[in-house]
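For reference, the structure discussed in these notes is given below.
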Amino acid sequence: MDPAHIVSDDGRAFPRGGSSRFTVTVNPANAGVQLIRRLDVGVGLQHATITVNGALAAKWRPLLQDSIYKWRNQIVTLPPNLTMGRRSLTIVNTCVSSSGFNEFLYTVRHKVNGVWSTADTVDIGRHHTASEATHDYRIVGEDWADTQTFAYPPRKKDWSVQ
């Protein structure tokens, strides 16, 4: 494994019916927002609903398990009608799968004047409580919190999935 593809990160997880909530900042002139989650796909078929400011916005679709290259960055695009004109978005992820749901890092990207850029980052885990506090992070039903050291797939184009 290429050492450049190995990342250590701490995160949290919760079972079916559990949830996490956090608030992120975006430019109100955005023409679109993407939510990108670093997850451990060593736990396969994680599935959750996503609400933005209380409205159903999207779903984290289940990904197949990979027991070798466990890190992935999963991307969802939020409906523009829920993000445009807003300075902040309160995101709630609610697990609907029996496998549970884990989260390590969220990167929020927004499109402003035709250009995608990073709007905010929420680092999850016991070693990132300042980031959690800044984003009013809350978790319901936490059943795991620890640090993992895993590799991303060898080809960088395989690191991110929709």
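Using Cα pairs under 8 angstrom and six or more residues apart, how large is the relative contact order of the chain, in percent? Could you put the intermediate results ahead of the total?
Numbers: 441 pairs, mean separation 64.6, N = 162.
Relative contact order here is 40 percent.
List the lysines whose Cα lies under 16 Å from the Cα of Lys157, skipping any in the same chain that are fewer than 8 positions away.
Candidates past the 8-residue exclusion: Lys70.
Segment 116-156: which trypsin sites (Lys or Arg not before Pro) are DSSP loop and have at most 15 other beta-carbon atoms within 10 angstrom? Could you put the intermediate results ahead of the total?
Details: sites: Arg126, Arg138, Arg155, Lys156; in loops: Arg155.
Listed in order of number, the matching sites are Arg155.
Share of antiparallel DSSP beta bridges in the chain, in percent to the nearest 5? Display every interim value, and only then the final one.
Working: 53 of 55 bridges.
Rounded to the nearest five, the antiparallel share is 95 percent.
Return the whole-Å distance between the Cα centroid of segment 14-69 and the Cα centroid of segment 83-153.
If you average the Cα positions of each part, the centres end up 8 Å apart.
Tell me the label only: which of [x] 38; [y] 17; [z] 53 is percent of Cα pairs over 28 Å apart as calculated from this structure?
Evaluating percent of Cα pairs over 28 Å apart on these atoms matches [y].
Residue by residue, what Karplus-based ³J(HN,Hα) values in Hz, rounded to whole numbers, does segment 9-18 have, using 6.51, -1.76 and 1.60 with θ = phi - 60° and x for Gly and Pro?
Once rounded to whole Hz, the list reads 8, 9, x, 9, 8, 8, x, 3, x, x.
With the radius of gyration and the Kirkwood radius both derived from the Cα set of segment 118-162, what is their ratio Rg to Rh? Display every interim value, and only then the final one.
Numbers: Rg = 13.8 Å, Rh = 13.2 Å.
Result: Rg/Rh = 1.05.
For segment 25-91, state which trypsin sites (Lys or Arg not before Pro) are in a DSSP loop and have at most 14 other beta carbons lying within 10 Å of their beta carbon.
Details: sites: Arg37, Arg38, Lys59, Lys70, Arg72, Arg86, Arg87; in loops: Lys70, Arg86, Arg87.
For trypsin sites (Lys or Arg not before Pro) across segment 25-91 that sit outside H, G, I, E and B with at most 14 neighbouring Cβ atoms in 10 Å, the list reads Arg87.
Per residue, what volume in Å³ does the Cα convex hull of segment 67-145 take up?
Values: hull volume 11.1 nm³, N = 79.
Hull volume normalised by residue count: 141 Å³.
For the pair Trp144/Ala29, report the inter-label distance in nm, with labels modelled 7 Å from Cα in the Cβ direction.
4.3
Which whole-number percent of Cα pairs in segment 1-70 have a distance greater than 14 Å?
Details: 1746 of 2415 pairs.
The answer is 72 percent, as a whole percent.
What FRET efficiency would be calculated for the residue pair Asp158, Leu45, taking the C-beta separation as r and a Förster radius of 25 Å, to the nearest 0.05? Numbers along the way, then the final one.
Details: r = 18 Å, r/R0 = 0.74.
Calculated transfer efficiency: 0.85.
Read the figures in this text as sums done on the coordinates, not as results from a lab. What you see is a predicted model, and the numbers here were worked out from it, not measured in a lab. Don't worry about glycine lacking a Cβ; one is built from the backbone with ideal geometry, like all the others, and counts go over all protein chains shown.
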